[in-house]
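A short worksheet on the structure shown next.
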Amino acid sequence: MAKTTKQTWALDPRFPYRIFFTKEDYIAFCKRNDLGLSEYLTDTTASAMTIPYPGKNLSVVYFNQPVRKKIPQDHINTLVHEATHVVDNVFEWAGEKMPGKETRAYLMSQVVDEFMLQYSAFYTVSKT
């Protein structure tokens, strides 16, 4: 497995979201940035969840899935699902009640691209 990138640890207003693949990384990020832990983070946590921090305009995604040889369709579906929550949070916190369809699509593309890059960096993914 690849290590988490340093960019992930700092709060950056240009990126109002973060994704973590281990509970330890999520907890460390929250401690380093003075964020409270989600009350939903338990030993039986769902396969993925988006945790909103409205006061910081930040959405944190915790992706709790086992490593597999290939990127399975259900992992992609889950990443897109969580990206939708992130995009909704960004527009809500910006006060946008009716963002343009193209604006929403570009932001969704950016978030999904970033999630897939981090997913690929974290999980050992076979090219076959």
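The values are calculated or read from the model by the stated rules, or taken from the named source; none is laboratory data. Only a predicted model underlies this, so the values are computations on that prediction, with no experimental measurement involved. Quick reminder, even Gly has a Cβ in these numbers, built from the backbone with ideal geometry, and neighbours come from all protein chains shown.
Among the residues of the stretch 64-80, what is the count of those that are surrounded by 14 or more Cβ atoms within 10 Å (Cβ to Cβ) and either at pLDDT 80 or above or part of a helix (DSSP H, G or I) (or both)? Residues that pass the stated criteria total 6.
The number of residues in the stretch 84-115 that are within 26 Å of residue 39 (Cα to Cα), of a type in the set (A, V, I, L, M, F, W, C), free of Cβ contacts under 8 Å to residues at least 40 places away in the same chain and surrounded by 12 or more Cβ atoms within 10 Å (Cβ to Cβ) comes to 3. Just checking, how many residues over the stretch 2-25 are at pLDDT below 85 and closer than 20 Å to residue 57 by Cβ? The total comes to 10. For residue 95, the conditions (1) in a loop (DSSP other than H, G, I, E, B); (2) over 15 Å from residue 16 (Cα atoms) are fulfilled apart from (2).
For the stretch 73-128, name all the residues that are among the charged types (D, E, K, R) and over 18 Å from residue 51 (Cβ atoms).
Our first condition is that a residue be among the charged types (D, E, K, R); within the stretch 73-128, this holds for 74, 82, 88, 92, 96-97, 101-102, 104, 113-114, 127.
Residues satisfying the conditions are 74, 96, 97, 101, 102, 104, 113, 127.
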